[in-house]
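The values are calculated or read from the model by the stated rules, or taken from the named source; none is laboratory data. Values in this document were obtained by computation on a predicted structure and should not be read as measured data. So basically every Cβ, Gly included, is an ideal-geometry build from the backbone, and we count neighbours across all protein chains shown. To get the accessible areas, we keep the full protein, side chains included, count just its heavy atoms, and leave off ligands, DNA and RNA. Shrake-Rupley method; radii C 1.70, N 1.55, O 1.52, S 1.80 Å.
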Amino acid sequence: MAIISIPSSTTMFPMPQQVLRRNKEVVMAEEMGCARMLTLNRPDNLNYISAKVALALGQNFEKYENDDNADFVIIKGAGRTFSAGGDLHMFYDGRNTRDSGIECIYRMYWLCYHIHTYKKPHIALVHGMSVGGGASLMTPMKFSVVTEKAFSSTPEINIGFHPDCGFSYMLPRLPGRLGEYVGLTGEKLRGKEVVAAGLATHFVPSQKLFQLEKRLMTLKNGDEDTIRSVINEFSSNIHIDERSILNKLSIINECFSKNSVEEIIESFEAEGNRKGNDWIMPVLKRLKRASPTSLKITLRSIREGRTQTISECLRREFRISINIQRGIISGDFYEGIRAQVIDKDKSPKWNPSTLDKVHDDQLDLIFKPFEDHDLELQIPVDEEELYRWRGKYE
């Protein structure tokens, strides 16, 4: 995962950054009037999400949802990033132990379900990296604010995984076939692009973010129109650079609507040979470097998510994630982490090594429900049947 630096500034946080770092709480919780603030507090570790972080977030979100004195919740990241997503070192260290990461995955998916169905306004203030599972704490929020220093991506195909944490629900709801494109290429969207793509709601210049935070924390109620009005005061209009990938949607829609990964690449390659389409070649290289197994899992997952509810998507993603971690058809997940994060040689040895060796009957093994129903993600499929954690995250 790429790391981007932003100017260090203690004025971004109501509590000095050095105090946050000294505090051992992985999630800092603050209360001011009717406002509640949750700060991801692992700045030296890119605010990675561990089982402990997911649990703390879930417990606090539920506490505030049931608190008559809490009208809305804000979430942000300490330090120079919002969140780089899941703690990959944790998964790699447990690679030889069956289901070593199941607690973290289970808690995180429960948290995602809770966020998507939350009963009170929630606001993400995003400055810096918002990647993978980290972006799942941004995009579903009622209000998600990004700055020019923010960037977001779902790069899981580069580590032999798949866009999860609800992204098989969110990606197919982006304009046209942008979701397939982002999921299969790991394309990085920056600042205003994140808003224009539909992954965030507002763009606020970084120099105004702290002032916005202070205003929000002093609101007297959590009325959505009031919150929206305050955020709009600090927001800027969205103007996308002509070179932005978002201005290439006609090509993306044509190529990434194909039925298979092989057909997508073939169509995209043909477009890349046309004059003026030089931007395609670097993207093609990324596609061809990604795990073939992950590419096929990702496309199928996004396509299924197009007609499913958030609950159905999370339950399916949970099966996929556990089966990938178990290495049911491939060990690409751990090989990807090794190449990108552990040894950092950026040269994963995928197995299977090519798309033609990844067959549909193998993918069926990844997607099918568990024989032991108790292992399924225990969230309601019927969206009318709303309930909360209450101990179900263990």
Inter-site label distance for residue 271 and residue 242 at 7 Å from Cα along Cβ, in nm: 2.0
Solvent-accessible ranking of 243, 177, largest area first, probe 1.4 Å: 243, 177
Highest-fluctuation residue, 370, 318, 268 considered, GNM on the chain with Cα pairs under 10 Å: 370
Within region 176-193: backbone nitrogen closer than 17 Å to the residue 250 label point (7 Å, Cα to C-beta): 176-178
Charge tally in the Cβ shell below 9 Å around residue 151, where Lys, Arg are +1 and Asp, Glu are -1, residue 151 excluded: +2
Selected from 353, 250, 144 as most flexible by GNM, with the chain as the system and alpha-carbon contacts under 10 Å: 250
On Cα atoms only, tilt of 280-289 relative to the major axis of the chain in degrees: 80
For residue 288, solvent-accessible area (1.4 Å; no DNA, RNA or ligand), Å²: 120
Structure-derived P(r) over Cα pairs in 20 Å bins from 0, in percent: which label, when the choices are (i) 22, 43, 25, 7, 2, 1; (ii) 28, 59, 12, 0; (iii) 25, 59, 16, 0: (ii)
Region 273-325-region 183-198 distance, computed between alpha-carbon centres (Å): 15
Between helix 51-65 and the chain: long-axis angle, C-alpha atoms, 0 to 90°, nearest 10: 50
Total formal charge among the other residues, if their Cβ is under 12 angstrom from that of residue 70, Lys/Arg +1 and Asp/Glu -1: -3
With DNA, RNA and ligands ignored, accessible area of residue 188 (1.4 Å probe; Å², nearest 10): 60
Charged-residue dipole, Cβ positions (Lys, Arg, Asp, Glu), region 253-324 about Cα centre, Debye nearest 20: 240
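Relative contact order for region 27-375 using alpha-carbon pairs under 8 Å, separation at least 6, rounded to a whole percent?
17
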Förster-model FRET efficiency, 45 Å R0, residue 284 and residue 63, C-beta, rounded to 0.05: 0.40
Helix-only mean residue ellipticity at 222 nm for the chain, each DSSP H run of n ≥ 4 adding -39500 (n - 2.57), per residue, nearest 500: -11500 deg cm²/dmol
Rounded to the nearest 10 Å², the accessible area of residue 61 at probe 1.4 Å: 0
